[in-house]
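Written below as structure tokens is the structure these notes are about.
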Amino acid sequence: MNLPGYSTPVFLEVSPSVILRVPDVVAILDVTAVRAPATREYLGYLRRRGLLEDLCFGARTRSAVLCVRRAFLCPLSADTLRKRLALMRA
């Protein structure tokens, strides 16, 4: 499946075990945003409901990827994830 403006299928690898459909990604937050009180409160809300998955496995959290139905704490930086998206652009 290709979206307008993308020359390749639109999937974003956020960890070796998780690949997301780009249309499902709502936001990619930098670690500084993840530490903000309002963001921490929202991530806590998602965690309590079982909708937050930690992909860091002991590594430092560098970003959060918010999707339509769930969210992921990611060891990759937001810049790295954005560059991966940019590489998909036509």
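Please treat every number below as a calculation from the coordinates, not as lab data. The structure presented is a predicted model; accordingly, all values stated were derived computationally and were not measured. All Cβ positions, even for glycine, are placed from backbone atoms using ideal geometry, and neighbour counts span all protein chains on display.
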- Does at least one position in region 28-49 carry a residue that is free of Cβ contacts under 8 Å to residues at least 60 places away in the same chain, among the polar types (S, T, N, Q) and within 18 Å of ARG84 (Cβ to Cβ)? no
- Query: Are any residues in region 24-39 part of a helix (DSSP H, G or I), of a type in the set (A, V, I, L, M) and touching a strand residue (DSSP E or B) at 6+ places or on another chain (Cβ under 8 Å), and if so, which ones?
  - Reply: VAL31, ALA33, VAL34
- Take region 40-90 and flag every residue that is assigned to a strand (DSSP E or B) and over 23 Å from PRO23 (Cβ atoms). ASP54
- Task: Return the total of residues in region 19-44 being surrounded by 12 or more Cβ atoms within 10 Å (Cβ to Cβ) and of a type in the set (Ser, Thr, Tyr).
- Result: 2
